[in-house]
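Heads up, the thing below is written out as structure tokens.
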2 protein chains.
Amino acid sequence: MCRTRAVLDIVGDKWALLVVRMLKDGPLRFTELKRAIDGISQRMLTVTLRDLERDGILTRTVRNVMPPHVSYELTPTGRTLREAAAPLLEWSLENLPHIEAARAAYDSRG
Amino acid sequence: MCRTRAVLDIVGDKWALLVVRMLKDGPLRFTELKRAIDGISQRMLTVTLRDLERDGILTRTVRNVMPPHVSYELTPTGRTLREAAAPLLEWSLENLPHIEAARAAYDSRG
């Protein structure tokens, strides 16, 4: 069994990386995460948050106020994941133009 | 449109990250990649390699010998991706025990 692959099932996931990135400045509520992550569905966000909680990457805190207030926050392990993922996210932003150009060239070759 | 997400469609993918990692020491043939990446199907490797070629991350070289020899090699952009992804891959290996422990604890809470 390839051990890297086992963990990449968790962290080699676009939505998981985006959730972890959004929580870098502190806890957020479900609705705040939903709004911040363009294109994520209610169901995908629910599943992603539950998996990350199960993996010890974030904690879920329920406050018994009306309406109930549920927030998500990185654990210490989650913060180290955020740091490890940062170069890949930066690379992604820097290289989007190159990648789009490469795709256009590839597609025009037919 | 969230630009990070557009690129994470490419690189926030377990198989793509594993292929890029495997090519760090130089070109490999399809069968070598297939053998090195535990659990990847023929079809998934084919699709992953084609997408990475399209995105300018790797090049595909066909040598007209018998049998034909097809190899894959990182481009300069691909090499920067490999470097950017390395911390996440290292994190994954280091944290697999923590994550497995967190999962067991979560699941035992029922």
Inside the range A:5-110, counting only helices (runs of 4 or more DSSP H) that do not spill past its ends, which hold 3 or more residues that are basic (Lys, Arg)? A:42-54, A:76-109
Inspect all residues belonging to the range B:55-72 and state whether any of them is within 30 Å of residue A:21 (Cβ to Cβ) and without any contact (Cβ under 8 Å) to a residue 24 or more places away in the chain. yes
How many residues are within 7 Å of chain A (Cβ to nearest Cβ) and not polar (S, T, N, Q) when one looks only at the range B:91-110? 8
Pick from B:17, B:8, B:28: which is at pLDDT 95 or above and surrounded by 14 or more Cβ atoms within 10 Å (Cβ to Cβ)? B:28
Restricting attention to the range B:28-49, which residues are under 12 Å from the mean Cα position of the chain (by Cα) and not β-branched (Val, Ile, Thr)? B:33, B:34, B:36, B:38, B:44, B:45, B:49
For the range B:33-44, give me each residue that is in contact (Cβ under 8 Å) with a residue 24 or more places away in the chain and crowded, with 18+ Cβ neighbours inside 10 Å. B:33, B:40
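The values are calculated or read from the model by the stated rules, or taken from the named source; none is laboratory data. Everything numeric in this text was worked out from a predicted model, so none of it was measured. Using ideal geometry, Cβ is built from the backbone for each residue, glycine included, and neighbour counts are taken over all protein chains shown.
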